[in-house]
Amino acid sequence: MPVESIFPRLEPLLPSVQKPIQYVGGELNSQVKDWDEAEVRWALMYPDAYEVGLPNQGVQILYEILNERDGVLAERTYSVWPDMEAVMREHGIPQFTVDAHRPVAAFDVLGVSFSTELGYTNLLTALDLAGVPPTAADRTDDHPIVIAGGHAAFNPEPIADFVDAAVLGDGEEIALAITEVIREWKAEGGPGGRDELLLRLAASGGVYVPRFYDVTYLPDGRIQRVAPNRPGVPWRIEKHTVMDLDQWPYPKKPLVPLAETVHERFSVEIFRGCTRGCRFCQAGMITRPVRERSITTIGAMVDQGLKESGFQEVGLLSLSSADHSEIGDVAKGLADRYEGTNTSLSLPSTRVDAFNITLANEFSRGGRRSGLTFAPEGGSERMRKVINKMVTEDDLIRTVTTAYENGWRQVKLYFMCGLPTEEDEDVLAIADMAKRVIRAGREATGRKDIRCTVSIGGFVPKPHTPFQWAAQCDHETVDRRLRALKDALRGDKEYGRAIGLRYHDGQPSIVEGLLSRGDRRVGKIIRAVWEDGGRFDGWSEHFSYERWTTAAEKALADEPVDLAWYTVRERDEVEVLPWDHLDAGLDREWLWQDWQDAVDETEVEDCRWTPCYDCGVCPTMGTEIQIGPTGRKLLPLSVV
Amino acid sequence: MPEGPAPAPVTQRLRVRYAKRGRLRFTSHRDISRAVERAVRRAGIPVAFSGGFTPHPKISYAGAAATGVASEAEYLEIGLTEIRDPARVRADLDAALPPGLDIVDVVPVRAGRVGDAQPRAGAFVDRLEASEWRIRLDGVSSDDAAEAVAAFMAAGSIEVERLTKKGLRRFDVRAAVSACELDRRAAESADAPCAILRMVVRHSTPAVRPDDILTGLRQVADLAPPSPPLVTRLAQGPLRADTGGLADPLDPDRETGLPSGDDAETARGQERPQPGDAASVDAVSA
């Protein structure tokens, strides 16, 4: 049955909304496949505004991989801004894809990528606009299967009522496996309806279907246990790991939007995973082990991606890009290849050491020179031991001195506030460090125009990290410490004007904390917030702390738990955590030991270069660290 | 701070007429400028860059139709470091742009200027004396529209107000409109009941935009379209004294331009809509 485009109805309304271009599609390298020829149809959603969602690598990769397959169709949909939502409600226009403007409800699957928990209310908006019941249990065989992915899906319990399924880890292989299950089930005529399809997905072991698990609670509100409620469903659900990134060189044809987006560049993941062991970093913990993409594949991807997109900037993505075993050769090879072409290269995540400056010098040979960012994360030596960020203040000073000597005038330093065991003086130490940075810069260059920007984020304890048991710092304390830091910087006559300070207030972090470590009872809060108008919670202009606290009080009135219980409460070793049945590969005992080591200020080395410390991932998942060097070189391409 | 090597000089400048059509009319000027920069890179066109710390490609735009307004006649100028066949540039650039942003015509800037490092921005813009617009008003009958147009054209002056960057401004819209008529034939063959206006509007300061004229039509004749109008710029160029229509602003370059190859002549002859030709002139009269 053909599905009609809603565009003719949408088009006359577009002049009345902000930035209409974000709703029209037509991006370079976007695709519209024939509806009727497809056996399995995916709508892929990034639950934030188009300008944020379009560049998302996960969505672009799956979009391309799925569309490459015969009989499979994938289109994209993003959150619409409140002005558009109002127009759509007034005119009865459903949530649509931007590719062919088809109604989302017509697809077989709605795959939603959650990079952050603050997109949960946007999921509800999209479902409601789509005409899909927000509660999964209310859906019929006519509705798409709603599947959550992305890092936030490692604890999907707060949205367990709203999604049919969740997938943990790398999406490439599992998206295709899910497609096959759906294809077979549809070919058989959809036996057993929606329930049977979900059961088949759950039985595969790689897809978590929350409705097949019952959660029981202790009288004090803690979880008693999470157990399957029907046969054939596994007790634990494992994450997915793509082992050979060279076999998955996506995106090959990056989407190039007409609208302005947050990242205007072609990004290549140069490796996945990170074993530096920073204890606050959920990404580093859940994406283990390290798997490098080879220098030759990186070179080929950059070449093809630039040709296909026309972008002027290449980003080499990973959790710690300078750690690629052949990053020096990659940097030099690319800088040589693109010299004189006004193509700039960037390394978004870098570590604090002088080698970075060498890389940065290579990268800025083309003329463009972006800022340098370092992330000591903690202001004091003690704090950095707690979080296992093994950088000494002397390391940092050496690094920034080299940077200033090499012509940079500004560096950015990234920290967190509200870390476990943090005291006021740990945060005030940030001011001392920033002043030392300026002093070092002035001494190294003899100039006065040295600047540094201190950027501070609020720490949120995340599942599957050693800090999953930690008490989150209350927002009043975070705000007080940040004020004290601000006073210490502003009041300094000699250095104050050379140091910029950027931070956010602590309240949004509490809500993020609630959603990160919440259980199924938190779903009621999300729904209440959404019903009260909550949208785009990741945007300060839309976020309302009061809305969340009010909703939490109401939704949890009959429960022995409250907002504080979910956030600022420390958990003990035996407590069943909402995500304990979801397996990121990390050994629970190792995580607990690492948490104890954190409190004792004991550091752990990176297992890439030192013996294994038994975090558990490799043996559990049947994976291993995959790093070079390959010894190969990035050859200059012949000029076409 | 290390300086990059001196940028390669401009050896050829091309004037480009492009169209924004269909859903791509919702692109803003900034969107178009990014899309063109990327297309130029994808097409491998040897664009010149400015010098300095953040080099920019030498592409300049002569005005730009507003977001949401379609156009058959937008103009940009691009500086190249090597001589290229304009017909080839037209084809390559068009292929590299998303469908809906279409390259209509490419003409080299006339010989005397080649080698000039400094583009004389004013000179070409001055040729764009007026625009020809088509405004489609869905749900408006041709008779109602005709009455409004007659009242509009009969008025001596029509003052409208618009919020500009400099605040609320009040200005006359009547004087800028040299011709305004109803295209009944086009309206009859349209897919839904509508009225189609065609008009020639002089470029002035403050600019009189199609929506200002619609405001004027509402003021003089209570013409209130039930849905947003579909506005298309059909042409820009010098006002022709003989017909009241517009001449092709690229003609002066064509007359004295560098040889641009037979392909270019063929392509132009076949594909370029002629704003002043017989098919459209019936709707535009002085």
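Each value in this text was obtained by applying a stated rule to the coordinates, not by laboratory testing. Everything numeric in this text was worked out from a predicted model, so none of it was measured. Here the Cβ is made from the backbone with ideal geometry for all residues, glycine too, and neighbour counts use every protein chain on show.
Neighbours of A:C612 by Cβ distance under 12 Å: Lys/Arg scored +1, Asp/Glu scored -1, total -3.
At an R0 of 35 angstrom, the distance between the Cβ atoms of A:D606 and A:R483 translates into a FRET efficiency of 0.45.
Rank-order A:194-202, A:523-531, B:187-195, A:465-473 by packing density, defined as the average count of other C-beta atoms within 10 Å over each peptide's residues, highest first.
Values: A:194-202: 19.4, A:523-531: 21.2, B:187-195: 14.3, A:465-473: 23.4.
Result, highest mean Cβ count within 10 Å first: A:465-473, A:523-531, A:194-202, B:187-195.
The range B:1-70: which trypsin sites (Lys or Arg not before Pro) are DSSP loop and have at most 15 other beta-carbon atoms within 10 angstrom?
Values: sites: B:R13, B:R15, B:R17, B:K20, B:R21, B:R23, B:R25, B:R30, B:R34, B:R38, B:R41, B:R42, B:K58; in loops: B:R21, B:K58.
Sites meeting the loop and neighbour criteria: B:R21.
Database note for chain A: Cys without another Cys beta carbon under 4.7 angstrom, A:C274, A:C417, A:C452, A:C473, A:C607, A:C612, A:C615, A:C618.
Of the beta bridges DSSP finds with both residues in the range A:7-233, what % are antiparallel, to the nearest 5?
Details: 7 of 26 bridges.
So the antiparallel bridges in the range A:7-233 amount to around 25 percent.
Evaluate the range A:99-185: find the radius of gyration of its Cα atoms, find its Kirkwood radius, and give the ratio Rg to Rh.
Working: Rg = 12.6 Å, Rh = 13.4 Å.
Checking Rg against Rh, the ratio lands at 0.94.
Loop-located trypsin sites (Lys or Arg not before Pro) in the range A:391-495 (DSSP state not H, G, I, E or B) with no more than 11 neighbouring Cβ atoms inside 10 Å: A:R447, A:K448, A:K493. Residues whose amide H comes within less than 5 Å of that of A:M45, counting only those at least five positions distant or on another chain, are A:T77, A:G111, A:V112, A:S113 (H built at 1.01 Å from N in the peptide plane). Rounded if a/c is under 1.5, else prolate if a/b is larger than b/c, else oblate: which is the range A:371-410, with a ≥ b ≥ c the root eigenvalues of its Cα gyration tensor? The shape class here is prolate. If you wrap the Cα atoms of the range A:306-395 in a convex hull and average its projected area over all directions, you get 6.4 nm².
Between the beta carbons of B:E188 and B:D144, assuming R0 = 22 Å, the FRET efficiency works out to 0.90 to the nearest 0.05. Counting, for every residue in B:25-31, the Cβ atoms of other protein chains within 10 Å of its Cβ and taking the mean gives 6. For A:K448, a cut-off of 16 angstrom between C-alpha atoms picks up these aspartates and glutamates, skipping any fewer than 8 places away in its own chain: A:E405, A:D492, A:E494. Scattering from the C-alpha atoms of the range B:130-237 alone, worked out with Debye: what is log10 I(q)/I(0) at q = 0.15, 0.20, 0.21 1/Å? Log-scaled intensity ratios, in q order: -0.59, -1.04, -1.14. Remark: the range B:150-161, residue by residue, has Karplus-estimated 3J(HN,Hα) of 4, 5, 5, 5, 7, 6, x, 8, 10, 8, 10, 10 Hz, where x stands for each Gly or Pro and the curve is 6.51 cos²θ - 1.76 cosθ + 1.60 at θ = phi - 60°. Across chain A, Cα pairs under 8 Å and at least six residues apart give a relative contact order of 14 percent. Largest first, the three principal axis extents of the alpha carbons in the range A:7-233 are 54, 43, 30 Å in whole numbers.
Where both bridge residues fall in the protein assembly as shown, DSSP classifies roughly 55% of the beta bridges as antiparallel. Computed from backbone phi, the HN-Hα couplings of the range B:209-225 come to 9, x, 5, 5, 5, 5, 4, x, 5, 5, 5, 7, 9, 6, 7, 10, x Hz, rounded to whole numbers (Karplus: 6.51 cos²θ - 1.76 cosθ + 1.60, θ = phi - 60°; Gly and Pro given as x).
Under 1.5 on a/c is rounded, so check that first for the range A:1-60, then, if it is not, pick prolate when a/b is larger than b/c and oblate when it is not; a ≥ b ≥ c are the square roots of the alpha carbon gyration tensor eigenvalues. Could you put the intermediate results ahead of the total?
Details: a/c = 2.22, a/b = 1.15, b/c = 1.92.
In terms of gyration-tensor shape, oblate.
With a Cα-only, solvent-free Debye model of the range A:444-528, what are the log10 I(q)/I(0) values at q = 0.24, 0.25 Å⁻¹? Here the Debye-derived log intensity ratios amount to -1.15, -1.19.
So what's the gap between the Cα centers of the range B:181-202 and the range A:398-437, to the nearest angstrom? Measuring centre to centre over Cα atoms gives 65 Å. Centre-to-centre, using Cα atoms only, the range A:50-106 and the range B:50-70 are separated by 30 Å. Taking the three principal axes of the alpha carbon atoms in chain A, the coordinate ranges are 74, 69, 53 Å, sorted in descending order. Lys and Arg at +1, Asp and Glu at -1: add these up for the other residues within a Cβ distance under 13 Å of A:W590 and post the number. Summing Lys and Arg as +1 and Asp and Glu as -1 gives -3. Its Cα gyration tensor gives the range A:212-253 an equivalent ellipsoid; the semi-axes, largest first and in whole Å, are 38, 14, 9. Annotation: amide H-H contacts under 5 Å for A:G315 (H modelled 1.01 Å from N, sequence separation of 5 or more, or interchain): A:F266, A:S267, A:V268, A:S346.
By the rule of a C-alpha distance below 27 Å, with chain neighbours fewer than 8 residues away ignored, the lysines paired with A:K33 are A:K19, A:K186, A:K252, A:K253, A:K307, B:K20.
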